[in-house]
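I have placed the structure first, in the form of structure tokens, so that the comments after it can refer back to it.
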Amino acid sequence: MSSPVTTAKPAPDRYPDLADRRLAATMTAEDHAEDRGLDPFERTTCRTHRRWLHQCVASPQHVVVITGHRWCRDCACALTVLVDELTGDVRLTCPRCRTTPDNRVTRQLVRACRGSLAAAAEGRDRTRTP
Ligand SMILES: [Zn+2]
Ligand SMILES: [Zn+2]
């Protein structure tokens, strides 16, 4: 029954009011990992919106011009986010040049969103099991 995900000692629950307990646990774990040096852009949860990343990555607050996250430098334009919850696919497309910027930060963001989709889906499946 034990989860292989975390081996560290359980962190104190920072989000006791969140209905999604799996989200709360993941968010707490990532908060602590971030304190220990995890790149905040590797997170699958969002501390600002208290959601899975793929659920709020379309928010303007996830556009970071300085780093280039969700940003097309060629067009100086925020990327549009398309999340397919069924296939687990995530696409970031520039609404002006209609391409996905081929750079490290865009790939990183897509990877984090896919991770969050997978984690959220896993939680749902577990809840459904009798
Ligand atoms: Zn967010
Ligand atoms: Zn563009």
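Residues in segment 121-130 that are open to solvent by 40 Å² or more (accessible area, probe 1.4 Å) and part of a helix (DSSP H, G or I): Glu122, Arg124, Asp125, Arg126, Thr127, Arg128.
Among the residues of segment 31-80 satisfying the criterion of being acidic (Asp, Glu) and within 16 Å of ligand 1 (Cβ to nearest atom), which is least open to solvent (accessible area, probe 1.4 Å)?
So the first thing to find is which residues in segment 31-80 are acidic (Asp, Glu), and the list is 31, 34-35, 39, 42, 74.
Retained after the next criterion (residues that are within 16 Å of ligand 1 (Cβ to nearest atom)): 31, 34, 39, 42.
On the way: Asp31: 0, Glu34: 51, Asp39: 57, Glu42: 72 Å².
Taking the candidates together, the pick is Asp31.
Conditions (1) within 14 Å of ligand 1 (Cβ to nearest atom); (2) part of a loop (DSSP other than H, G, I, E, B); (3) open to solvent by less than 60 Å² (accessible area, probe 1.4 Å), marked per residue:
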{"residue": "Ala24", "(1), (2), (3)": "no, no, yes"}
{"residue": "Ala29", "(1), (2), (3)": "no, no, yes"}
{"residue": "Leu82", "(1), (2), (3)": "no, no, no"}
{"residue": "Leu92", "(1), (2), (3)": "no, no, yes"}
{"residue": "Pro101", "(1), (2), (3)": "no, yes, yes"}
{"residue": "Val110", "(1), (2), (3)": "no, no, yes"}
{"residue": "Gly115", "(1), (2), (3)": "no, no, yes"}
{"residue": "Ala119", "(1), (2), (3)": "no, no, yes"}
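Candidates in segment 45-74 are the residues that are closer than 17 Å to Met27 by Cα and assigned to a loop (DSSP other than H, G, I, E, B); of these, the one that is farthest from ligand 2 (Cβ to nearest atom) is Arg50. Residues satisfying the criterion are absent from segment 19-29 (criterion: of a type in the set (Gly, Ala, Ser) and over 23 Å from Asp125 (Cβ atoms)).
Residues checked against (1) more than 14 Å from the chain's Cα centre (by Cα); (2) charged (D, E, K, R):
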site	(1), (2)
Ala19	yes, no
Thr26	no, no
Ala33	yes, no
Gly37	yes, no
Arg50	no, yes
Gln61	no, no
Val65	yes, no
Trp71	yes, no
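The values are calculated or read from the model by the stated rules, or taken from the named source; none is laboratory data. This one's a predicted model, so the numbers in the text were calculated from it and none came from an experiment. For neighbour counting, all protein chains shown are included, and Cβ atoms are generated from backbone atoms with ideal geometry for every residue, glycine included. Note: areas computed on protein heavy atoms with side chains; ligands, DNA, RNA excluded. Shrake-Rupley method; radii C 1.70, N 1.55, O 1.52, S 1.80 Å.
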